[in-house]
Amino acid sequence: MRRHLGGLQPEHLTKERARFYTRQRRAEGHIVGPAAARRKKPIQDGTIIRELVTLRAALKWALAERWISQVPAIETPRQPPPRDRWLTREEADRLLASAQAPHVKTFLATCLYTAARAAVVLELTWDRVDVAAGLIDLGAAPGGKGRAILPIAAKLLPILAEARAAATCAYVVEYAGEKVASVKRAAARRANLPGVTPHVLRHTAATWMALAGVPMIEIARMLGHRDSRITKRVYAKHSPDYLRRAVDALSA
């Protein structure tokens, strides 16, 4: 952002400048992959939207602090359609079976059976997991995003019990006695499930709940959504009762 807009005053941030920023970011891309096989990957519109929304929030803060007299119009690209990738039960079992390292299996299973974000799972400590009582506390949420205290799922319980018995540090997901910073995607590749990220596991959990007819407000609580309308917009279509009354009315 400093590279493309850093020489401007806030009053110079017009819609056309925001469009220029979008064009520049789309064109430049970023380098990914190991040193031996580096490639240029285009910047996705979702990333550009996040950057421009952050700029907009900073300008609103500056207005509240009376640094500026008005917030300029920051135009963002159209929101890309949500990715609806989720795992079937068979795919999920295959993914967990492909996890060779214990910490990877613990991480994947905890993400899948709590619907928690990856960062939350990696921060999870044993003092918030009561295997005997079957409860897990996902902890306080910074930035206003809610988290839940929830029962431990039947499929997750033996995995956590095994991890607890082998624990050598305070963190649930550990390797060699240390907290794990991130988990690679090798298990997904071995299971022939390309594109499976921790977010896909969270999306999978919510989709399974919707397919089972769990009320949207309960799914929202699991996901930590403050507003269940967000949950409904994404997951209502998977509910067995979605538009059922409307369709039945056509045949009445």
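Numbers at a glance
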| read-out | value |
| --- | --- |
| Qualifying positions in region 217-252 - assigned to a loop (DSSP other than H, G, I, E, B) and either among the small types (G, A, S) or surrounded by fewer than 18 Cβ atoms within 10 Å (Cβ to Cβ) (or both) | G224, R226, D227, S239, P240, D241, Y242, L243, A252 |
| Of residues in region 176-199 being over 15 Å from R85 (Cβ atoms) and among the β-branched types (V, I, T), the one most open to solvent (accessible area, probe 1.4 Å) | V183 |
| Single unsatisfied condition, E91 versus (1) modelled with pLDDT of 95 or more; (2) open to solvent by 40 Å² or more (accessible area, probe 1.4 Å); (3) of a type in the set (D, E) | (2) |
| Flag for L156 being at pLDDT below 95, open to solvent by less than 20 Å² (accessible area, probe 1.4 Å) and in contact with a helix residue (DSSP H, G or I) (Cβ under 7 Å, 6 or more places away or on another chain) | no |
| Condition met for V214 (under 30 Å from A132 (Cα atoms), part of a loop (DSSP other than H, G, I, E, B), β-branched (V, I, T) and within 20 Å of the chain's Cα centre (by Cα)) | no |
| Condition broken by A115, with the remaining ones in (1) in contact with a helix residue (DSSP H, G or I) (Cβ under 8 Å, 6 or more places away or on another chain); (2) free of Cβ contacts under 8 Å to residues at least 40 places away in the same chain satisfied | (2) |
| Residue that is most open to solvent (accessible area, probe 1.4 Å) [pool: residues in region 39-70 that are among the hydrophobic types (A, V, I, L, M, F, W, C) and in contact with a Lys or Arg (Cβ under 8 Å, 6 or more places away or on another chain)] | I43 |
| Residue match in region 21-31 (condition: at pLDDT 90 or above, in a helix (DSSP H, G or I) and under 24 Å from S69 (Cβ atoms)) | yes |
| Residue in region 135-142 that is in contact with a Lys or Arg (Cβ under 8 Å, 6 or more places away or on another chain), at positive phi, buried (at least 17 other Cβ atoms within 10 Å of the Cβ) and of a type in the set (G, A, S) present | no |
| Among the candidates A118, A97, A73, residue that is open to solvent by 20 Å² or more (accessible area, probe 1.4 Å), in contact with a His (Cβ under 8 Å, 6 or more places away or on another chain) and hydrophobic (A, V, I, L, M, F, W, C) | A118 |
| Lone unmet requirement of (1) open to solvent by 20 Å² or more (accessible area, probe 1.4 Å); (2) under 26 Å from L87 (Cβ atoms) for A167 | (2) |
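Matching residues to (1) under 28 Å from R26 (Cβ atoms); (2) hydrophobic (A, V, I, L, M, F, W, C); (3) touching a Leu at 6+ places or on another chain (Cβ under 7 Å); (4) at pLDDT 95 or above:
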{"site": "K40", "(1), (2), (3), (4)": "yes, no, no, no"}
{"site": "I49", "(1), (2), (3), (4)": "yes, yes, no, no"}
{"site": "R56", "(1), (2), (3), (4)": "yes, no, no, no"}
{"site": "E65", "(1), (2), (3), (4)": "no, no, no, yes"}
{"site": "V71", "(1), (2), (3), (4)": "yes, yes, yes, no"}
{"site": "P82", "(1), (2), (3), (4)": "yes, no, no, no"}
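The values are calculated or read from the model by the stated rules, or taken from the named source; none is laboratory data. These numbers come from a predicted model, not from an experiment. Virtual Cβ from ideal backbone geometry, glycine too; neighbours counted across all protein chains shown. Heads up: the accessible areas ignore ligands, DNA and RNA and are worked out on the full protein's heavy atoms, side chains in. Shrake-Rupley method; radii C 1.70, N 1.55, O 1.52, S 1.80 Å.
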